[in-house]
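Structure, as structure tokens:
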Amino acid sequence: TGGIALHNLQKRYGSATAVDDVSLSVSPGEFISLLGPSGSGKTTTLMMVAGFELPDSGRVLLDDRDITRLPPHRRELGVIFQNYALFPHMTVAENVAYPLRMRRVAKAEVEARVRRVLDQVHLGALASRRPHQMSGGQQQRVAIARALVFDPPVLLLDEPLGALDKKLREHLRGEIKTLHKEVGKTMIYVTHDQDEALAMSDRVAVMHEGRIRQVSAPQELYRRP
Ligand code: ADP
Ligand code: ADP
């Protein structure tokens, strides 16, 4: 499970076309990047997969099921944003437990799952801290843990390292890559950073002015015919 198919997605804001006839198939377990400059339609595309935006036309399929009009919380997709979006008044453990609470998972199971996923992202020792007591990299790990905790088959990441300094970016890049290998989830990763896309992805979809111009393995990306 975890296959995604986008069919002819179209999204306009007023008279401007943000996403123009985007089609893409992502295999279960694949790590694919949407790479392109600011304004090229990457986030809008991802938000239509997540369900935070509705396309004007086109379809989103998850494992052959049409989820185009399903609300976000019913899509079983983990979403990670650039600005972490943690709840400031909650501890790390409470933040991570939140999606399970919303799904009314039993308390003992919540504890076990929160502990396991915090260990996975190397935050086992910081479960009782609050977000403001942590570094940016640690906060982003909490956001990753929160997206992983209900075990969705797909993770959507929107410039997750964008707010971090260069050294930390490179470190977390490696961690996300390792995580991908360990958990085997499908990952769709939005970035404007070419190095990042090339280093992390199985395939890169290059976006420009709302369209996908090319989809290739990293080593094929700039090879001329
Ligand atoms: P990217 O993620 O590649 O930076 P976006 O998907 O955010 O690109 O934006 C694509 C285009 O759609 C841009 O021209 C942007 O200004 C426009 N856009 C995105 N979201 C909105 C919105 N909520 N209202 C109006 N225009 C938007
Ligand atoms: P509180 O004790 O007020 O519930 P906590 O931050 O200690 O606040 O815990 C919030 C939830 O997260 C708890 O209900 C528990 O299920 C889980 N939790 C708390 N601490 C841990 C921990 N160290 N490891 C795993 N899960 C934890």
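Here are some notes:
- The angle between the Cα long axis of helix 166-183 and the main principal axis of the chain comes to about 90°, on a 0 to 90 degree scale.
- In region 79-174, the ratio of gyration radius to Kirkwood radius, Rg to Rh, stands at 0.95 when only Cα atoms are counted.
- Here the ratio of the Cα radius of gyration of region 1-74 to 2.2 N^0.38 Å is 1.06.
- Local electrostatic count at Val92 - Lys and Arg +1, Asp and Glu -1, tallied over other residues with Cβ under 11 Å: +3
- GNM result for the chain, Cα springs below 10 Å: residue of Ala197, Ala97, Ala108 fluctuating most strongly: Ala108
- Point-to-point label distance, Phe150-Glu94, nm (Cα→Cβ direction, 7 Å offset): 1.9 nm
- Per residue, the Cα convex hull of the chain amounts to 129 Å³.
- DSSP-defined antiparallel bridges as percent of all bridges, the chain, nearest 5: 55 percent
- Normalising the average separation of contacting C-alpha pairs (under 8 angstrom, six or more residues apart) by the number of residues puts the relative contact order of the chain at 30 percent.
- For region 2-107, the list of trypsin sites (Lys or Arg not before Pro) that fall in a loop by DSSP and count at most 12 other C-beta atoms within 10 angstrom reads Arg69, Arg103, Arg104.
- Tilt relative to the chain, helix 136-148 - C-alpha long axis, 0 to 90 degrees, to 10: 80 degrees
- Set of lysines near Lys181 by C-alpha distance (under 27 Å), chain-local residues within fewer than 8 positions excluded: Lys42, Lys166, Lys167
- Inter-part distance, region 97-130 to region 62-95, computed on C-alpha centroids, equals 15 Å.
We did not get these values from a lab; they are worked out from the coordinates using the rules stated. Computed from a predicted structure; not experimentally measured. Virtual Cβ from ideal backbone geometry, glycine too; neighbours counted across all protein chains shown.
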